[in-house]
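Throughout, read-outs are computed from the coordinates displayed, never taken from laboratory work. Since the structure is predicted, the reported quantities are computational estimates derived from the model, not experimental observations. Positions of Cβ are backbone-derived with ideal geometry, glycine not excepted, and every protein chain shown enters the neighbour counts.
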Ligand SMILES: Cc1cc2nc3c(=O)[nH]c(=O)nc-3n(C[C@H](O)[C@H](O)[C@H](O)COP(=O)(O)OP(=O)(O)OC[C@H]3O[C@@H](n4cnc5c(N)ncnc54)[C@H](O)[C@@H]3O)c2cc1C
Ligand SMILES: Cc1cc2nc3c(=O)[nH]c(=O)nc-3n(C[C@H](O)[C@H](O)[C@H](O)COP(=O)(O)OP(=O)(O)OC[C@H]3O[C@@H](n4cnc5c(N)ncnc54)[C@H](O)[C@@H]3O)c2cc1C
Ligand SMILES: Cc1cc2nc3c(=O)[nH]c(=O)nc-3n(C[C@H](O)[C@H](O)[C@H](O)COP(=O)(O)O)c2cc1C
Ligand SMILES: Cc1cc2nc3c(=O)[nH]c(=O)nc-3n(C[C@H](O)[C@H](O)[C@H](O)COP(=O)(O)O)c2cc1C
Ligand code: FES
Ligand code: FES
């Protein structure tokens, strides 16, 4: 875990309202595990005040600046513009200063995945799944179900395909891939045979359906959750979720930032999201 | 008076810690009088919250973007980096958005100047004097005494010289021009013969000395004052100075933003600055 | 405005009109006292006929020179001021400032205060003789000079006394402006309504202070000053919400309003109208922008009457 | 540090050591309760041996689950929190969290609270049995559940009662943390000192609220929450200044400290030490940066002992 003042290498709008940003991040490569995130200070001013959490989408290397030097590491974010912080992030240009704190959180549990991993993403929910796919694609069968409201919400398909990951796209309005909900595609896929594990990230409504489907089919599921965060390190207790079996008498409160953001579905009290 | 959202055309560091910024400002040319200022919002965020006042240094025209269009008007600021607002201003680049409100204040009284104008500037105090020089240089004798702590604080000499204004530079440390205080140069100049008017801008300590010298020699003096400002239009009553003859019983309070920033020295209660 | 263009068949505009203790406003947006001079200062920049009301700088019986400078200090997302209620006095206001306001088709609310109980009463009497003043806003955040400087507005008994006296002298709509520098704002709110307030304004500035560390001196000549701007908005919204639970007169929400959402926040918390203060300094277009934005919001959310928003918090 | 390099002949370091009611700190910088967990959360990012003290999350007799989520909302230059004093409880703290703290060579200050008078007393008793706890910080900004939820810290009698009881049960340095949601903070400050407080912390959070205008629901599940961050700094500095005029025990200044200048502002206003709260979330390096910055400031300003700064406001 490090807190660094660093530099934007590149910031590109990849689809309407979605950006991909590369940030110089020395040594992050060996530190980041798939599913971990960073807290970004979009501007060194008091407004906006708090940092914003973003998954590490990918780690990459820039060509060395001169012979003999090692290639420079960067981390890549994929983000959606939703409010003030991401609006500012969208305006940042090559060379602009930015502060990142991380890597944070637990990341996916790679050991329990088995041989046949199914990734399920809703829109910007692809963000934590690329590194997971990358870590597994060589040794396992990995497929990706990618859903979105419309064509604009389908991101990074070629990145996954380049890893050799079979990718199935669906959109609510049929503007890209199959027309329909990604959860319908999931139900169908599971009907054809259960994978050894599912990993999901996306809007809570979609995650809940995925959870119901996987629970019914008894497929082990890992979910990457979101919560409002102030600190990202377990200190503020702002980002709590109720763990499975939580009660006032026997509290089981988990921090999304430190105990998560990735949880086994069986460890979460799903009633809280109903 | 207009409040416009506009664009930075150019921002250049002209000396260590001093910048010249060109800002697109349609119609400002016919509105701005020498000595007026604008309130600049350096960033559309709540922090820093208030606008910053800056004199209009110059009005210029960019070549038209395509044939048939009129040339585009810009206004130019010269500013010194002293705190958070000017630090941010210094980072702005061509194409960045900026908001300006103006022109504000009264400007210099051109009618009372006579035939022989002496400008006296301390450091960034040149800012309001260029347009005054420009307005007078064709018809009158105009000279400029330009003082600063060191060479770096002497700005825009060639701009004044291009107007045909004789410019006398002095620095406290002798790194440029004569070694000594600009007020000493002023005393000497007046000893050689009084001009019909003096206009001064600079640090308050220097202005006070200039005022004492001019009062003694009975040379009409116009001073451009600074004050902390919130509104710039006379509404907040934040920027008051005491007028000549002010007392609790017979209050004569003047707003620097609206009654000024330029005052005849005889209209000001100089004791308040002692 | 998208709602209009998408439904050309049935164009409609929401009703933005609200009522403040008997005074009808074309919309709920007005300036906060002390941030808009006497109206004319912003006439070149603000379409005065578009806003709900004009609220004057705080007026007193005699002219007041206010505090020494510096009077202004910037703070994170806000500012401190210690203007010290400088104003031209009620008589000069009527003589020199009112003629301009008469030319504007927007109700004038005169904010006022006194240094003593008696002065409050006298200003009220003078104001009630001015037909162009549609309502009065009584600022009780001032120290009672006769009673050792205790602020009228922090003591329910003192507040009650001053409001009752003013009420006797003033029969048009009377708005009482509350101070947030208090343990429980609902106590004074209730006392104010019982003493005859037709409406309440919440909030005035929070007392604050800032120091220049190099000179080790206060940034304000007056040492302390009033904190305003976005920084205080969460406190203001909370107090409006509390007061709305405690009384049933209309409330004017004030504190850090910059964006349309901020104004709506106050309405949902229980305010009937809002005042824009420091934001006028930063963006003189704020109030016009709010009026347009409230209309657009109502259209988008299919709200026919803005009063549906008032106190509509869903818990 | 420029002072050092410019004067190689006579290098010197200012004394940063301060005393808080009998507890000596190597420097006046520490975290504010609830923003630094139990110390270990930031161990990877903050050199714990470099700061003046570690202040724990507020501890209660029994574990407390706190409020439902959302608990956090960003506000202009600040944040609201309604964590609701979630904590592991005093027993679990001693068993699970203290061993780590024991490994750090920095005094531990235990912040604590109770839901009733009796609970305050019991926690104090338990804390006094823990040798690793160097001092206790008593949070009186909590509602007294037995007495209808009136906040202990807003009533000088209730404050006095709870502090006297705690004082009986706790003989090490006792710091009382004051709430800013009060008309006159000096009244409770004086009552606290009379009841036995060795030092005072000012301030806790200002009560605030924020509403999502689309859903019309409060951004915090608890409706209201505590406002912290730079936004509140002017209020905090003012209160520290007022309290410093009213009492003679050491004061710990808290509220919106981000930069070195902010910390110095509190010292000049009358604080002997400072706590950094929300800024830890934004920049975990803040406290280390402040320690270095205080030293550099003292060298630049030729201040041999940081205590020269305390209360050195020039009016
Ligand atoms: C662990 C984690 C990983 C994430 N990874 C990504 C990612 O890779 N790409 C991406 O586009 N988004 C991601 N998000 C969501 C992202 O953090 C929010 O979209 C972002 O914080 C919104 O900031 P804003 O200022 O634009 O929005 P505003 O609504 O203006 O923000 C106001 C406050 O709410 C918080 N907030 C708003 N929406 C969310 C949200 N969905 N989750 C958490 N906090 C929120 C902000 O951080 C801020 O504190 C992630 C969230 C979490 C918790
Ligand atoms: C009418 C007028 C014209 C001016 N013209 C110029 C100019 O052409 N070029 C130039 O470099 N400077 C000019 N100044 C000074 C300039 O406004 C300040 O240097 C600037 O506001 C500092 O902002 P900051 O955020 O960098 O400093 P900070 O110290 O961080 O500012 C904090 C607050 O103090 C105010 N402030 C600080 N210094 C001054 C000052 N000297 N005068 C007024 N307010 C101040 C800021 O506006 C802000 O509200 C002018 C001032 C006035 C009143
Ligand atoms: C410069 C200034 C002067 C003010 N003068 C008055 C006044 O004369 N009477 C009054 O009742 N309130 C006065 N106020 C308080 C405002 O009316 C308002 O209550 C406060 O600023 C909070 O609103 P804001 O955050 O939108 O600025 C003044 C505020 C400022 C900033
Ligand atoms: C998330 C959070 C939790 C807090 N928990 C406590 C607490 O348990 N006990 C306490 O006395 N103060 C608590 N506080 C208040 C802080 O200690 C501090 O007084 C306040 O945040 C103001 O300082 P700041 O502006 O630097 O954040 C908490 C503050 C925050 C932001
Ligand atoms: S964000 Fe602070 S505990 Fe998770
Ligand atoms: S700056 Fe507001 S009156 Fe001059």
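Data overview
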item: For residue A:72, label point 7 Å along C-beta direction: distances to other copies, nm; result: 3.1
item: Per-copy distances of the residue A:138 label point, shortest first, in nm (7 angstrom along Cα→Cβ); result: 7.7
item: Theoretical ellipticity at 222 nm over chain B - DSSP helices of four or more residues, -39500 (n - 2.57) apiece, nearest 500; result: -5000 deg cm²/dmol
item: Chain B - percent relative contact order, Cα under 8 Å, separation 6 or more; result: 17 percent
item: Shape metrics for the stretch B:179-274, restricted to C-alpha atoms - Rg then Dmax, Å; result: 14.4, 46
item: Per-pair calculated FRET efficiency, R0 = 45 Å: residue D:118 and residue C:125 via Cβ, rounded to 0.05; result: 0.20
item: Cα-based shape type of the stretch C:66-162, given that a ≥ b ≥ c are square roots of the gyration tensor eigenvalues and the cut on a/c is 1.5; result: oblate
item: Acute angle (nearest 10 degrees) that the helix B:204-217 long axis makes with the longest principal axis of chain B, alpha-carbon atoms; result: 40 degrees
item: Tensor-based shape of the stretch B:1-133 (alpha-carbon gyration tensor, a/c under 1.5 rounded, otherwise prolate or oblate); result: oblate
item: Extension gain, residue C:300 back to residue C:13 (0.36 nm per residue minus Cα-Cα distance, nm); result: 102.2 nm
item: Per residue convex hull volume, Cα atoms of chain A, in Å³; result: 135 Å³
item: Label geometry 7 Å along the beta-carbon vector: residue A:10 inter-copy distances in nm; result: 3.2
item: Residue order, fewest to most surrounding Cβ atoms within 10 angstrom, among A:52, C:307; result: C:307, A:52
item: Descending principal axes extents, the stretch C:127-200, alpha-carbon based, whole Å; result: 36, 25, 17
item: Degrees between helix B:182-191 axis and first principal axis of chain B (Cα, 0 to 90, nearest 10); result: 50 degrees
item: Ranked by how many other beta carbons lie within 10 Å on average, peptides A:33-40, D:91-98 from highest; result: A:33-40, D:91-98
item: Relative packing of peptides B:218-226, B:174-182 - highest average C-beta neighbours within 10 Å first; result: B:218-226, B:174-182
item: Spacing of the two label points (7 Å from each Cα toward its C-beta) at residue A:166 and residue B:6, in nm; result: 6.1 nm
item: Within the stretch B:102-129: backbone nitrogen closer than 16 Å to the residue B:196 label point (7 Å, Cα to C-beta); result: B:109-119
item: In degrees, nearest ten, helix C:286-300 long axis to first principal axis of chain C (Cα); result: 40 degrees
item: For the protein assembly as shown, average projected area of the Cα convex hull in nm²; result: 50.7 nm²
item: Relative contact order %, chain D, counting alpha carbon pairs below 8 Å whose residues are six or more apart; result: 21 percent
item: Antiparallel bridges, percent of DSSP beta bridges restricted to the stretch C:189-315 (to nearest 5); result: 50 percent
item: Closest approach to the A/B rotation axis among chain A Cβ atoms, residue and whole-Å value; result: A:47, 2
item: Rounded FRET efficiency, nearest 0.05, which uses the C-beta distance separating residue A:96 from residue A:244 and R0 of 35 Å; result: 0.25
item: Cα centroid separation - the stretch B:215-243 against the stretch C:246-310, whole Å; result: 36 Å
item: Cα-based shape type of the stretch A:93-201, given that a ≥ b ≥ c are square roots of the gyration tensor eigenvalues and the cut on a/c is 1.5; result: oblate
item: Extension gain, residue D:259 back to residue D:217 (0.36 nm per residue minus Cα-Cα distance, nm); result: 11.7 nm
item: Kirkwood Rh in Å, taken over all unlike Cα pairs in the stretch D:18-308; result: 18.8 Å
item: Efficiency of FRET between residue B:270 and residue B:87 - r from beta-carbon atoms, R0 30 angstrom, step 0.05; result: 0.35
